[in-house]
Amino acid sequence: MIKTLLIIEDEKLLGSELSRHYRQSGWEVVLATNLAEARELLLNKKIEPLLILSDMNLPDGNALDFMEKIKKETGNTDDSKDGKGTTPGKGDVGQRREQLPTTARMQEVEQRREQLPTTARMQEVEQRREQLPTTARMQE
């Protein structure tokens with residue numbers, strides 16, 4: 001059984017980093033950049049993710065409100081016996097939950113993202129590079 005993860009994230013870099021991480025962990029990952037795209041995937045493309053990982057505040061709405069609407073429209077409910085999303089006989093869902101990145105890992109990803117050069121920083125570096133003497137000037 002393929003374990004599918006739907007990630008809803010509007011920041012491309014973070015979505016790509018999360019996708020890469022989970023693919024390396026054995027998940028089939030589907031990435032949506034907004035709630036409308038996630039809705040299309042869930043309702044019309046009929047994907048059935050084992051888990052949905054979502055940014056809470058997206059440009060087109062709140063993820064919690066979205067999940068409540070989708071739950072009503074699809075009739076899906078948490079059929080787990082323990083109320084934690086695990087149902088006996090449904091594979092290794094509990095084990096997969098333990099493999100999800102911790103808050104510390106998510107903070108590390110966010111710190112990496114913040115360290116990436118911004119367009120302004122990249123322009124500043126390019127201007128400084130242009131100001132460096134060329135080899136011909138250095139020989140003079």
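What follows draws every value from the coordinates through simple rules; no lab data is involved. Every value quoted in this text rests on a predicted model; they were computed, and no experiment measured them. Every residue, glycine as well, gets a Cβ built from its backbone with ideal geometry; the counts of neighbours run over all protein chains shown.
Of note:
- Scanning the stretch 31-64 for residues that are polar (S, T, N, Q) and in a strand (DSSP E or B) yields Ser54, Asn57, Asn62.
- Filter result (of a type outside the set (Gly, Ala, Ser) and free of Cβ contacts under 8 Å to residues at least 60 places away in the same chain) within the stretch 2-23: Ile2, Thr4, Leu5, Leu6, Ile7, Ile8, Glu9, Asp10, Lys12, Arg20, Tyr22, Arg23
- Of all residues in the stretch 27-65, those satisfying the criterion of being free of Cβ contacts under 8 Å to residues at least 24 places away in the same chain and not acidic (Asp, Glu) are Asn44, Lys45, Lys46, Met56, Asn57, Asn62, Leu64.
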